[in-house]
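S.K.: Take a look at the following structure, please.
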């Protein structure tokens, strides 16, 4: 049986290796990236690499997805949109040996189940619960990667138009979209009403590139927020440096940041309200899954 051929200690090594890669990546990363990195260090056997008979999923991948449920319920990580985020509790738990690490996560998951009067979790990696979790997470990861790739292929001005369409779908009026060229520090202006008499009045800077936005660029946006009721929005497909985020949080001005993940999440949430011209920039379709154990 599989339980006899892969010990709980070995499974602990697998899930711990993935979370150590998460820690090395700064605490937040895409699931596929973590699994690929951990695979290089685990010296996997042919049996561990083999596909499962019923589902066809790679055995050790399924073990990772299966026991990630325990880790999430133990508070070691959170999941969103194909990304895993390591918590402070998870960082501390990684100091344990592999078997102790996985057993502590399993204990917390069972406790969570009992508190809800639910049956004990299955321990077979090819159970319906495990297959659903693996299928769901792999689909989310693939979908997120494809959506990100589509956005990255957009020209800078089309990315700016994408952000404008998102704001319109969220109920804002967007009277100004800067044309290509120097923009004076503002790419978009958005109001809650056609005349801009209601707060907040959004002044947005949009960057579409691989580099992260730095402190100096945040300060430049701060400088153009002169009127009461103005708020800044900085959208960056490349993300933000830690110092830039710190500057935003300490600023006396109201500034919001939107990285690629947040943009995609908002695009999905407001997609029904996006105009057809906007949908042409980033077309999506809904797909429904049975709810997995961890979501």
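S.K.: How long are the semi-axes of the equivalent ellipsoid of the chain, taking √(5λ) for every eigenvalue λ of the Cα gyration tensor, in whole Å from largest down? Display every interim value, and only then the final one.
M.R.: Values: eigenvalues 360, 83, 62 Å².
So the equivalent ellipsoid measures 42, 20, 18 Å along its semi-axes.
S.K.: Determine the distance separating the Cα centre of region 241-295 from the Cα centre of region 190-234; give it in Å without decimals.
M.R.: Region 241-295 and region 190-234 have Cα centres spaced 17 Å from each other.
S.K.: What is the percent of Cα-Cα separations in region 39-117 that go past 16 Å? Could the numbers behind the result be given before it?
M.R.: On the way: 1853 of 3081 pairs.
So the pairs more than 16 Å apart make up 60 percent of the total in region 39-117.
S.K.: In addition: If r is the Cβ-Cβ distance from residue 286 to residue 36 and R0 is 30 Å, what FRET efficiency results, to the nearest 0.05? Before the final figure, lay out the partial values.
M.R.: Working: r = 28 Å, r/R0 = 0.94.
Computed FRET efficiency for residue 286 and residue 36: 0.60.
S.K.: Got a sec? How would 221, 154, 195 order by Cβ neighbour count within 10 Å, fewest to most? Can you show the working numbers first?
M.R.: Numbers: 221 22, 154 16, 195 9.
Listed from fewest to most nearby Cβ atoms, that is 195, 154, 221.
S.K.: I need the per residue convex hull volume for region 156-279, using only the alpha carbons, in cubic angstrom as a whole number. Don't skip to the answer; put the middle values down first.
M.R.: On the way: hull volume 13.0 nm³, N = 124.
For region 156-279, the hull spanned by Cα atoms encloses 105 Å³ per residue.
S.K.: Now, a different point. Assuming a ≥ b ≥ c are the square roots of the Cα gyration tensor eigenvalues, decide whether region 22-171 counts as rounded (a/c under 1.5), prolate (otherwise, with a/b larger than b/c) or oblate. Walk me through the intermediate numbers first.
M.R.: Details: a/c = 1.84, a/b = 1.63, b/c = 1.13.
Prolate, since a/c reaches 1.5 and a/b exceeds b/c.
S.K.: Gap in Å between the Cα centre of region 132-148 and the Cα centre of region 80-114?
M.R.: Their Cα centres are 22 Å away from one another.
We did not get these values from a lab; they are worked out from the coordinates using the rules stated. Owing to the predicted nature of the structure, the values given are computational and were not obtained by experimental measurement. Virtual Cβ from ideal backbone geometry, glycine too; neighbours counted across all protein chains shown.
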